[in-house]
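The values are calculated or read from the model by the stated rules, or taken from the named source; none is laboratory data. Computed from a predicted model, the values in this text were never measured in an experiment. Here Cβ is always computed from backbone atoms with ideal geometry, including for glycine, and neighbour counts include all displayed protein chains. Accessible surface is based on the protein model in full, side chains and every heavy atom, while ligands, DNA and RNA are left aside. Shrake-Rupley method; radii C 1.70, N 1.55, O 1.52, S 1.80 Å.
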Amino acid sequence: MKDFTWERAPFSVCAVCEKKTFGFLRAGGHTLTMRCSSCRHTENIALPWLDKKVIYLDQFVFSLLFNVVSGGRLPIGHEVFAKELHERLRRLVLLQQIILPHSNIHRDETTVFHSAMELQEAYEFIGGDVSLSDTSTVELEQALDAADAYMNGTPLSLNLSADEILESERNEWLSDMHISVRSNYSQFADGLRKIRDETHGEMEKLAARWAAEKPNFDDVLKMELDAVLVGKVV
Ligand SMILES: [Zn+2]
């Protein structure tokens, strides 16, 4: 049996020791590394530049893709579509053409799912393991930009580029190894369900009130500001 080596096929002739043991060691980021398993001669090769497109998938689509991978139940009449969608998206991710970032919205919605950890691992893996900044951070940044513009009397110009809120580099090559950490968020599931139900209830009340009173924007703004200011004074 052949001894274990970190280097993998294809093997070619090493420029130093001339044995046919010069193989693939690792790739990822911006570099591919080849190494000889006999003399350890190493060569780093720069990988070509990339320009990956960013596609944001709804949680529903991630659940669908998860069911394809895990052999779960697919929507009747859409089985072929689901499988083909998974194949094409995965292919585009592996060809380094797209990333499918995940966010805290996915994570919160996943926590109440029956196979939460498996689904989370699946969407990290399927999408190329890139995440977006927390929505509360993005909101705060935008609010600060708006406050800045207001104070300076300048028009508000928000930078809506995806790169602004990606937690890792958009244009790195995927690593040939995928390492995942199992984070169990199930302890938050009950709390999230409660918040979701409460928010839904509050929104229903608000929608009913707006439908009945039909307030204009200035009225709503005044109401909101009064609520904030009262909160501050107390
Ligand atoms: Zn060698």
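Structural remarks
- When shorter helices are ignored and each DSSP H run of at least 4 residues is given -39500 (n - 2.57), the per-residue value for the chain at 222 nm works out to -15000 deg cm²/dmol.
- Stretch in the chain that is longest and holds no GluC sites (Glu not before Pro) that DSSP places in a loop and that have at most 16 other beta carbons within 10 Å: 19-166
- Relative contact order of the chain, taken over Cα pairs closer than 8 Å and 6 or more residues apart, is 17 percent.
- When the trypsin sites (Lys or Arg not before Pro) in the stretch 61-154 are filtered for DSSP coil states and for at most 15 other beta-carbon atoms within 10 Å of their beta-carbon, the remaining sites are R73.
- Where the stretch 29-124 is the region considered: accessible area per residue in Å², 1.4 Å probe: 57
- Rounded to the nearest 20 debye, the dipole magnitude of the stretch 190-233 is 80 debye, with +1 charges on Lys and Arg beta carbons, -1 on Asp and Glu beta carbons, and the Cα centre as origin.
- Accessible area of the chain belonging to carbon and sulfur atoms, whole % at 1.4 Å probe: 58
- Note on the chain: with a GNM built from Cα contacts shorter than 10 Å, the maximum mean-square fluctuation among S157, S133, S115 falls on S157.
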